[in-house]
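Novice: Attaching a single structure in structure tokens format; questions to follow.
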Amino acid sequence: MSTSFSSLPIISLSALLTPGKQEDLLELSSRLDEVLSTTGFAYLTDLPLTYTHEDVFEICEDFFGENGIPDEEKMKLAKRTFVKDNENTYRGYFPAQPGSDNLKEGFELGTPTPSIASITPPQRDAKFNLTEVNVFPKSDSSFRTRCETLHNELQGLSAQLLSLLAISLGKSSSFFDHYLVNSLSTLRLLHYPPIPESSRQDLICTPHTDSGIITLLHQDKTGGLEVLNSVGEWIPAPYVPGSMVVNIGDLLAKVSGGRWVATYHRVRSAEREPDKPPRGRYSVPFFFEPGFDCVVKSMQGDEVVYGKHVLEKMKGWIEFQDVLDDVPDILLESKAVEVF
């Protein structure tokens, strides 16, 4: 259950940098369990990644920045929701939606080498394909390499965290290994454009909980992320140097039997500095996701097929609604009938 926290806790992952010390890993497992049971959010430091904070946001700048990918080329990567002649339906670019409370443009990619075996027969003919291959701009050959490397590193870290979380539930360290098979994990590069004072809006991402398993977030120094505590206070979660933010989604909270909490969060627009132009914001979330056909079970024995869970959730996501109008009913059928 969420508590009346006034700041996010900080968790060092130094134990992952020097593997082999079982007592350190058990202590880290216990710490993760404690934090996910009380706030559902934390800063992670001493990260076992080769990419620095600066490296991550250089990728964003090279795509969204003033000298980045031209708008015309971005739209060649846009999902079919926005460009009906494009083949990609799930991966790729989406433009900012004027008038939306979630005012952002984004580029997203999945597993660099998805397994064809993970594509269920109904999906092959569907307009909306969760296991489709990634698309990349042709003008920057290094962009793909950097994105795929970052995705792989964050996928590896997610696997390590899941192993530690399994131990904290009293399970073997391999308890969540089946989640890793044909994983659909998504890396999103997000750009919240500067908002002119004449059309300023307070929220650029409305309150929500994440729907899935684990979210790992690189946020820039602009600020704006806020997390809701148990007494209804919105607690600022500004960037802490050298850190990422971790939180869990609704599905993992249910898997834990309610032991862990998926916490509401939102993003406020940046405060306007006197005599300076409005600022934009970069954000890079990584959503760890199981495979399309993965059966996710709760501690109580309820279960759901992950692909069905995602498709149901996407009905409320603005960048996918037009596409989902055409999704065949067969994609919403599964051997697990209820979303628990």
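The values are calculated or read from the model by the stated rules, or taken from the named source; none is laboratory data. Just so we're clear, the structure is a prediction, and the values are computed from it rather than from any experiment. In this analysis, Cβ positions are derived from the backbone assuming ideal geometry, glycine residues included, and neighbour counts consider all displayed protein chains.
Novice: Please list, ordered by residue number, the strands (runs of 3 or more DSSP E) wholly in segment 159-262 having 3 or more residues that are crowded, with 18+ Cβ neighbours inside 10 Å and within 19 Å of the chain's Cα centre (by Cα).
Specialist: Because the criterion is at least 3 residues that are crowded, with 18+ Cβ neighbours inside 10 Å and within 19 Å of the chain's Cα centre (by Cα), the strands (runs of 3 or more DSSP E) in segment 159-262 that meet it are 186-192, 214-219, 225-228, 244-248.
Novice: May I pose another question? Suppose we filter segment 209-235 for residues that are free of Cβ contacts under 8 Å to residues at least 24 places away in the same chain and in contact with a Ser or Thr (Cβ under 8 Å, 6 or more places away or on another chain); how many remain?
Specialist: In the first step, residues of segment 209-235 are kept if they are free of Cβ contacts under 8 Å to residues at least 24 places away in the same chain; the result is 221, 232.
The next check asks that each one be in contact with a Ser or Thr (Cβ under 8 Å, 6 or more places away or on another chain); those that pass are none.
Looking only at that region, the number is 0.
Novice: Considering each residue of segment 65-81, count those that are loosely packed, with under 14 Cβ neighbours inside 10 Å and either under 21 Å from the mean Cα position of the chain (by Cα) or among the aromatic types (Phe, Trp, Tyr) (or both), and give that number.
Specialist: Residues meeting the conditions: 0.
Novice: Regarding segment 111-132, can at least one residue be identified that is outside any helix (DSSP H, G or I), crowded, with 16+ Cβ neighbours inside 10 Å and modelled with pLDDT of 95 or more?
Specialist: For segment 111-132, residues outside any helix (DSSP H, G or I), crowded, with 16+ Cβ neighbours inside 10 Å and modelled with pLDDT of 95 or more: absent.
Novice: Taking the conditions exactly as written (farther than 25 Å from GLU58 by Cα, out of contact with any helix residue (DSSP H, G or I) (no Cβ under 8 Å at 6 or more places or on another chain) and either modelled with pLDDT of 95 or more or surrounded by fewer than 20 Cβ atoms within 10 Å (Cβ to Cβ) (or both)), does VAL337 satisfy them or not? Explain how you work it out, then say what you get.
Specialist: On the way: farther than 25 Å from GLU58 by Cα: yes; out of contact with any helix residue (DSSP H, G or I) (no Cβ under 8 Å at 6 or more places or on another chain): yes; either modelled with pLDDT of 95 or more or surrounded by fewer than 20 Cβ atoms within 10 Å (Cβ to Cβ) (or both): yes.
For VAL337, the condition - farther than 25 Å from GLU58 by Cα, out of contact with any helix residue (DSSP H, G or I) (no Cβ under 8 Å at 6 or more places or on another chain) and either modelled with pLDDT of 95 or more or surrounded by fewer than 20 Cβ atoms within 10 Å (Cβ to Cβ) (or both) - is met.
Novice: Scan segment 7-21 residue by residue and report those that are of a type in the set (S, T, N, Q) and modelled with pLDDT of 90 or more. Lay out the reasoning, then the answer.
Specialist: Initially, segment 7-21 is screened for residues of a type in the set (S, T, N, Q), giving 7, 12, 14, 18.
Across segment 7-21, the qualifying residues are SER7, SER12, SER14.
Novice: Okay, moving on. Taking segment 274-318 as the search range and keeping residues that are surrounded by fewer than 22 Cβ atoms within 10 Å (Cβ to Cβ), acidic (Asp, Glu) and assigned to a loop (DSSP other than H, G, I, E, B), which one is modelled with the lowest pLDDT?
Specialist: Ranking the qualifying residues of segment 274-318, first place goes to ASP275.
Novice: If SER37 satisfies all but one of (1) in contact (Cβ under 8 Å) with a residue 12 or more places away in the chain; (2) among the small types (Gly, Ala, Ser); (3) surrounded by fewer than 21 Cβ atoms within 10 Å (Cβ to Cβ); (4) outside any helix (DSSP H, G or I), what's the number of the condition it fails?
Specialist: (4)
Novice: Please tell me if ASP101 is modelled with pLDDT of 90 or more, of a type outside the set (Gly, Ala, Ser) and assigned to a loop (DSSP other than H, G, I, E, B).
Specialist: Here the answer is no, as ASP101 does not meet what is asked.
Novice: Tell me which residues, restricted to segment 5-30, are buried (at least 18 other Cβ atoms within 10 Å of the Cβ) and out of contact with any helix residue (DSSP H, G or I) (no Cβ under 8 Å at 6 or more places or on another chain).
Specialist: LEU8
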